[in-house]
Amino acid sequence: MSAKIIDGKKVSEITMDLIRDDVEKWVGAGNRRPFLKVVQVGTDPASTTYIGAKTRACKRVGIDTDTTHLSDTVSAKELKSTIRSFNNDDSIDGILVQLPLPLHLSSHDVIESIDHKKDVDGFHPMNVGRLTVDQPTFKSCTPAGIFELFRYYSIPVKSKHAVVVGASNIVGSPMATMLSRENSEGKATTTICHKYTKDLTQHTIGADILVVAAGQPNLIKAEMVKEGAVIIDVGINRIADETTEKGYKLVGDCDFNGLKNKASWITPVPGGVGPMTVAMLMKNTLLAAKKSIYPEE
Ligand code: NAD
């Protein structure tokens, strides 16, 4: 079998065109342009790259944005007080604190200081909790983007056996929640695996849909999946490559070349899930501006 490629770049362009049209309608109706505030603590180069992509996406869809840069020695108190000032600023619709944070800061603590009504990453416990009880919420962008891909390519999820490898708060866990809920879009029978899972293959081999978000290059090989599985590779890993200008290349968590002759559908890295994550951030920011998730009384 030769897998069909899930083209996240193309679907994200289509999605962002629709969001741009919606933003223009919103502004045309006399509303202020949506505004996304990004907070970067320190100067981690990967974070700077991700923020660059988010800033370009904002420009593309007509959302205003700027980034507040704080030193990597900023105290938790100072960071949270800065966030609180953004919470209270009516000209800001969405707030995103770029992760990871320096080790002296607790990401849980910092995320909880963001007003959940402005939490466009969908990481605040209020939004995570609402996801688990099928209430309107800011959905974590990566899982939401994967569901957009399922919809675009008409990949059925209901009643399938979905296996998620990786259980982080930002990807694996919300992905498994969305897949497993019986009263929302997922309706799949869902298994979640993590680093303590014994015999990973015993689980992955049964997957109709396999979502991999472990941050381990080459973790999933052809012999670990069944013929015709749908493979969603979330991983983004930098590996050394002297033949490239930067000295590294990006790979996922799956052996793409081995799997492409066995899967029915597969996402490439780059160009698969990544661009959809950014598109979903734009969608959430527009939802925040429109107060669609949390209407004002
Ligand atoms: P994380 O490090 O927070 O979590 C990794 C998860 O994988 C953990 O639950 C861990 O237990 C599990 N894991 C690690 N090794 C494993 C193994 N050998 N077998 C089974 N499970 C294992 O990472 P994260 O933030 O969830 O990100 C995961 C990957 O996805 C990273 O490569 C990251 O760069 C990438 N990512 C991509 C996007 C995107 O938009 N494409 C967004 C976020 C993260």
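Annotations for the structure displayed:
- Cβ-Cβ distance of Leu18 and Lys77, R₀ of 45 Å, FRET efficiency by 1/(1 + (r/R0)^6): the value works out to about 0.65.
- Projected onto planes of every orientation and averaged, the convex hull of the alpha-carbon atoms in the stretch 175-288 covers 9.1 nm².
- Nearest 10 degrees, 0 to 90: helix 8-28 Cα axis against the chain principal axis: 20
- Value of Rg/Rh across the stretch 93-146 [Cα atoms, Kirkwood radius]: 0.98
- A Förster distance of 51 Å, applied to the separation of the beta-carbon atoms of Glu242 and Asp90, puts the FRET efficiency at 0.50.
- The stretch 194-297 - share of DSSP beta bridges that are antiparallel (%, nearest 5): 35
- Cα-centred dipole magnitude for the stretch 190-273, charges only on beta-carbon of K, R (+1) and D, E (-1), debye, nearest 20: 120
- Reported value for the stretch 1-75: 120 Å³ per residue, from the convex hull of its C-alpha atoms.
- Size of the stretch 36-175: Rg and Dmax of its alpha carbons, in Å, are 16.1, 49.
- Beta bridge orientation in the chain: antiparallel %, DSSP, nearest 5: 10
- Peptides 67-78, 230-241 ranked from most to least packed by the mean count of surrounding Cβ atoms within 10 Å: 230-241, 67-78.
- Degrees between helix 141-152 axis and first principal axis of the chain (Cα, 0 to 90, nearest 10): 60
- Spatially proximal aspartates and glutamates relative to Lys260 (Cα-Cα < 19 Å; intrachain offsets below 8 disregarded): Asp7, Asp208, Glu223, Glu227, Asp233
- Nearby lysines by direct alpha-carbon distance to Lys195 (threshold 21 angstrom, same-chain neighbours under 8 apart not counted): Lys221
- Pairs beyond 19 Å (Cα-Cα), from Lys80/Lys139; Lys160/Lys187; Lys158/Lys262; Lys139/Lys283; Lys158/Lys283; Lys9/Lys283: Lys80/Lys139; Lys158/Lys262; Lys158/Lys283
- Quotient of Cα Rg and 2.2 N^0.38 Å for the chain, N being how many residues it contains: 1.00
Quick note: the coordinates plus some simple rules give every number you see, no bench work behind them. Owing to the predicted nature of the structure, the values given are computational and were not obtained by experimental measurement. Neighbour counts are summed over all protein chains in view; Cβ atoms, including those assigned to glycine, are modelled from backbone coordinates with ideal geometry.
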